[in-house]
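Have a look at the structure below before the remarks.
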Amino acid sequence: MRTGLSGSTHTITRRQSFAAGALVLGGATTACSSGDEGYGALAEALSAPAEPVTAPFPRSHQQLVRYASQAASGHNTQPWRFTVSDPVIELSPDFSRRTPVVDPDDHHLFASLGCAAENLSLAARASGLGGEVDMAGETLSVALASGAAEASPRFDAIPQRQCTRLEYDGSALSAEERARLIAAVEEGRQVSATVFDSAADKTRLSELIIQGNSAQIADPAFVRELRDWIRFNEAEAARLRDGLFAPSSGNPQLPGWLGRRLFGLVFTADAENAKIARQIESSGGLIALMAEENSPRGWMEAGRAAQRLQLEATVLGLKTAYLNQPVEVVSLRPELATLMGAPGRRPNLLLRVGRGPAAPRSLRRSVEAVIEPA
Ligand SMILES: Cc1cc2nc3c(=O)[nH]c(=O)nc-3n(C[C@H](O)[C@H](O)[C@H](O)COP(=O)(O)O)c2cc1C
């Protein structure tokens with residue numbers, strides 16, 4: 001573990017937040033239908049308490065895949081395919097779900113696979129079904145075997161974990177919370193964590209994140225790609241079951257045609273940067289992750305570690321959200337690496353942590369949609 005240094009300015013999150021539009025259009029909320037598979041039913045199913053898997057094969061493996069799919073993924077692209085056979089579940093990248101502008105080398109895509117593998121492994125272990133993770137090339141596999149079920153608070157936390165892009169309450173992390181979050185990242189010794197929780201550190205990181213955010217919003221291709229992954233209302237979210245549900249980031253629902261048209265107008269650097277400044281200020285701290293290896297394998301390890309961090313935070317009653325601008329904007333990586341005490345290396349992911357309210361859920365595709373025939 002390393003502890004961060006210091007710096008200067010502001011804070012909040014960017015993606016999915018176009019609060020100016022929220023103010024202007026607060027009254028224009030769509031009435032959204034919820035049929036059998038409407039948003040409300042799907043969100044409720046996503047939040048159902050975790051239960052160890054007891055069904056026989058292949059139903060058991062489908063249930064494990066469901067827990068895997070509840071993991072975080074960049075823009076909620078869910079860029080994974082699962083191949084299920086009796087002793088093993090393989091996870092491979094679904095390159096049709098790339099986000100080439102924000103993630104041109106697929107770093108986040110592989111990190112997302114790592115997040116899903118971590119959930120899958122936890123679910124298998126909690127069910128007495130093995131759960132050993134192996135990585136070969138661009139594929140991850142989770143070996144299944146019969147064994148003793150392990151009580152697992154992180155498994156129990158899977159349905160409650162979410163990225164909460166709202167303001168937190170400004171309270172500090174306790175020494176115990178800090179230590180447990182670091183330990184969750186560094187378990188397995190593949191990834192190290194740097195905590196930035198002094199006022200000066202938060203200010204420095206805030207400046208860096210805002211610099212990255214401004215650069216991204218100045219790029220029309222970035223804004224277009226982000227807009228295309230936003231689900232502007234419940235009906236869109238329930239139909240596609242992926243992407244960023246606007247209210248998850250504190251924004252109002254809008255008819256899709258209107259949301260897409262307004263997005264470029266209201267998603268401005270000034271508004272987003274002010275929001276980011278408030279969000280960081282309200283957080284207990286930020287945690288940056290760096291894998292030993294700079295390769296798809298290392299990126300998958302970073303994803304596994306980030307998922308462990310988010311789940312441990314959930315166990316502790318804390319909320320988390322990613323603020324990855326300084327790892328996405330290539331020119332900002334060296335400064336973040338230096339702040340992490342590892343100049344010249346590539347930082348992988350950056351999250352903020354704190355105490356805050358829950359937000360509406362971003363949905364997941366069905367298990368059937370992500371399983372390949374063996
Ligand atoms: C590799 C990776 C990168 C991410 N980057 C960001 C980010 O920079 N900003 C953000 O708000 N969310 C980011 N997210 C969070 C996803 O948007 C989020 O996991 C997804 O929308 C699903 O929502 P949920 O985690 O609340 O279930 C990232 C997630 C992953 C796994």
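Could you check segment 77-103 and list, in sequence order, the residues that are in a loop (DSSP other than H, G, I, E, B) and either farther than 21 Å from ASP134 by Cβ or of a type outside the set (Ser, Thr, Tyr) (or both)?
Of everything in segment 77-103, those that are in a loop (DSSP other than H, G, I, E, B) and either farther than 21 Å from ASP134 by Cβ or of a type outside the set (Ser, Thr, Tyr) (or both) turn out to be THR77, GLN78, PRO79, ASP86, PRO87, ASP94, ARG98, THR99, PRO100, VAL101, VAL102, ASP103.
Would you confirm, using the coordinates I've provided, whether SER47 is closer than 20 Å to SER248 by Cβ and not charged (D, E, K, R)?
yes
Kindly indicate whether GLY147 is under 20 Å from ILE371 (Cβ atoms) and either open to solvent by less than 60 Å² (accessible area, probe 1.4 Å) or away from the ligand (no atom under 16 Å from the Cβ) (or both).
no
What's the total number of residues in segment 103-113 that are within 21 Å of LEU309 (Cβ to Cβ) and either in contact (Cβ under 8 Å) with a residue 60 or more places away in the chain or open to solvent by 10 Å² or more (accessible area, probe 1.4 Å) (or both)?
Total meeting the criteria: 7.
If a residue has to be crowded, with 17+ Cβ neighbours inside 10 Å and farther than 25 Å from GLU292 by Cβ to count, how many in segment 183-203 make the cut?
Qualifying residue count, segment 183-203: 2.
Filter segment 227-259 down to the residues that are open to solvent by 10 Å² or more (accessible area, probe 1.4 Å) and aliphatic (A, V, I, L, M), then identify the one that is farthest from the ligand (Cβ to nearest atom).
LEU258
Go through (1) away from the ligand (no atom under 16 Å from the Cβ); (2) out of contact with any Lys or Arg (no Cβ under 9 Å at 6 or more places or on another chain) and name the single condition THR194 misses.
It fails just one condition, (2).
When residues of segment 317-368 are filtered for being open to solvent by 20 Å² or more (accessible area, probe 1.4 Å), farther than 20 Å from GLN279 by Cα and not β-branched (Val, Ile, Thr), how many remain?
Qualifying residue count, segment 317-368: 13.
Between residues in segment 322-344 that are more than 17 Å from SER192 (Cα to Cα) and residues that are modelled with pLDDT under 95, which pairs lie under 7 Å by C-beta distance while being six or more apart or on different chains?
Pairs found: LEU323/THR13; GLN325/ARG14.
Which pairs have Cβ atoms under 7 Å, sit 6 or more apart or on different chains, and link a residue in segment 114-143 that is closer than 20 Å to ALA306 by Cβ and of a type in the set (D, E, K, R) to one that is within 16 Å of the ligand (Cβ to nearest atom) and assigned to a loop (DSSP other than H, G, I, E, B)?
That search, which allows pairs on different chains as well, returns GLU118/ALA71.
Go over the candidates GLY170, GLY131 one by one and state the one that is away from the ligand (no atom under 16 Å from the Cβ), on the phi > 0 side of the Ramachandran plot and open to solvent by 30 Å² or more (accessible area, probe 1.4 Å).
Answer to the check: GLY170.
Applying the selection to segment 283-307, what residues are open to solvent by less than 10 Å² (accessible area, probe 1.4 Å) and either more than 17 Å from ALA179 (Cβ to Cβ) or not small (Gly, Ala, Ser) (or both)?
SER283, LEU286, ILE287, LEU289, MET290, ALA291, GLY298, MET300, ALA302, GLY303, ALA306, GLN307
Can you pull out the residues in segment 37-56 that are outside any helix (DSSP H, G or I), more than 16 Å from the ligand (Cβ to nearest atom) and either surrounded by 13 or more Cβ atoms within 10 Å (Cβ to Cβ) or aliphatic (A, V, I, L, M) (or both)?
Answer for segment 37-56, where residues must be outside any helix (DSSP H, G or I), more than 16 Å from the ligand (Cβ to nearest atom) and either surrounded by 13 or more Cβ atoms within 10 Å (Cβ to Cβ) or aliphatic (A, V, I, L, M) (or both): GLU37, GLY38, GLU51, PRO52, VAL53, ALA55.
Are there any pairs with C-beta distances below 6 angstrom linking a residue in segment 168-196 that is in the same structural domain as ARG345 (by TED's automatic domain parsing) to a residue that is of a type in the set (Val, Ile, Thr) and part of a helix (DSSP H, G or I), with the two at least 6 apart or on different chains, and if so which?
Cβ pairs passing all conditions: VAL191/VAL185; ALA193/ILE182; ALA193/VAL185.
The values are calculated or read from the model by the stated rules, or taken from the named source; none is laboratory data. Since this is a predicted model, take the numbers as computed values, not measurements. A quick note on method: Cβ atoms are made from the backbone with ideal geometry, for glycine too, and the neighbour counts reach across all protein chains shown. Ligands, DNA and RNA are excluded from the accessible area calculation, which covers all protein heavy atoms including side chains. Shrake-Rupley method; radii C 1.70, N 1.55, O 1.52, S 1.80 Å.
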